[in-house]
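Shown next, in structure tokens, is the structure this report addresses.
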């Protein structure tokens, strides 16, 4: 009959006892190898080693998950910020400098990538043609098809911003004196504007109709080497001009040439619904 121990084993005895115990719980190497093979064959994961120094019971899983989630969020935010900065730098690098170089190539690049205006970029419709862009003649003429506006007022407002941005960037070039910006729209059988659908993937199929033309001109002054810029909006019929006038309550003055030679008032440039006359010294 075995003699019972009256005292607990010492630390060295415990260490020696478990020195050969692996993750399967066996001290015999052959038995442990068979057990590992069996678990690998049946797909059962190995048990947590109760003698492991780090997290033997899985009590730190929550901390690890929190750490991984925080790291993921930080990495995503950093990537978003880097992407935004990179896109801004690339966009500015690709933006055509019309004040120094005007050609069909640079004007096309401006219509594709937009131009700097205010504290951001002004985009142009996807459908456009460059009719003329020549520093020799001092003239730029483009035609765009608006597929994002729901009605005439919205189209006039958005187109004014686009025409102003393109014209100001171009008229800063000493060799450019005139910028003509034609705007056309798609209309259905009832004369209503048609818009693109599905984030611009589905284009309207209605008839294309000329809607409005913005003509910006730069006139050299006789004194102080100055010049003045002026804009004329033409192509709007008298009924639409009257409707626009009734819905605008600003005091800025414009020149609107209609088919009946009617002259009306316009909104300020900030409202971007009509042309503004600007003077620069």
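Treat the count of other C-beta atoms within 10 Å as a stand-in for reagent exposure and order 121, 214 from fewest to most.
121, 214
List the residues of segment 176-207 whose backbone N lies under 19 Å from a point placed 7 Å from the Cα of residue 148 along the Cα-to-Cβ direction.
Those under the cut-off are 181-187, 193-205.
Using a 10 Å cut-off around each Cβ, can you sort 155, 87, 231 from fewest to most neighbouring Cβ atoms?
Fewest-to-most Cβ neighbours within 10 Å comes out as 87, 155, 231.
In nm, what is the difference between 0.36 nm times the number of residues separating residue 192 and residue 121 and their Cα-Cα distance?
In short, 22.6 nm is gained.
Arrange the following residues from fewest to most other Cβ atoms within 10 Å of their Cβ: 201, 77, 153.
Ranked by crowding around the Cβ, least crowded first: 201, 77, 153.
Each value in this text was obtained by applying a stated rule to the coordinates, not by laboratory testing. Since this is a predicted model, take the numbers as computed values, not measurements. In this analysis, Cβ positions are derived from the backbone assuming ideal geometry, glycine residues included, and neighbour counts consider all displayed protein chains.
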